[in-house]
């Protein structure tokens, strides 16, 4: 790779190769983790922008969602994305799911 040849290995992301980034249209470990957990790209991007971290594994993403699920309504995330996040990332669709869809 050119960056290694130029002595700039510090700019090479060891977790995510360029082929994966191009195939899935992702630029961070967190975004790929959200998609690997089953979120659509649109929902993954919306949640990723709220998370604002680039280094979360699938387990870290699940923990982040579980810790903040009660505060989702105030995070300015569209309801359709919240439904998908709750359905796919929280056990039994999340405790708040029934109240947010009524």
Quick one: would you say residue 84 is buried (at least 18 other Cβ atoms within 10 Å of the Cβ), more than 10 Å from the chain's Cα centre (by Cα) and at pLDDT 95 or above? yes
Look through 45, 26 and report the one residue that is surrounded by 15 or more Cβ atoms within 10 Å (Cβ to Cβ), at pLDDT 65 or above, touching a helix residue (DSSP H, G or I) at 6+ places or on another chain (Cβ under 9 Å) and assigned to a loop (DSSP other than H, G, I, E, B). 26
Residue list for segment 56-65, filter: in contact with a helix residue (DSSP H, G or I) (Cβ under 8 Å, 6 or more places away or on another chain) and outside any loop (DSSP other than H, G, I, E, B): 58, 60, 61, 62, 64, 65
Given (1) touching a helix residue (DSSP H, G or I) at 6+ places or on another chain (Cβ under 7 Å); (2) in a helix (DSSP H, G or I); (3) at pLDDT 90 or above, index of the condition residue 53 fails: (2)
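The values are calculated or read from the model by the stated rules, or taken from the named source; none is laboratory data. Predicted model, so just to flag it, every value in this text is computed and none were measured. Note: ideal-geometry Cβ built from the backbone for every residue, glycine included; neighbour counts use all protein chains shown.
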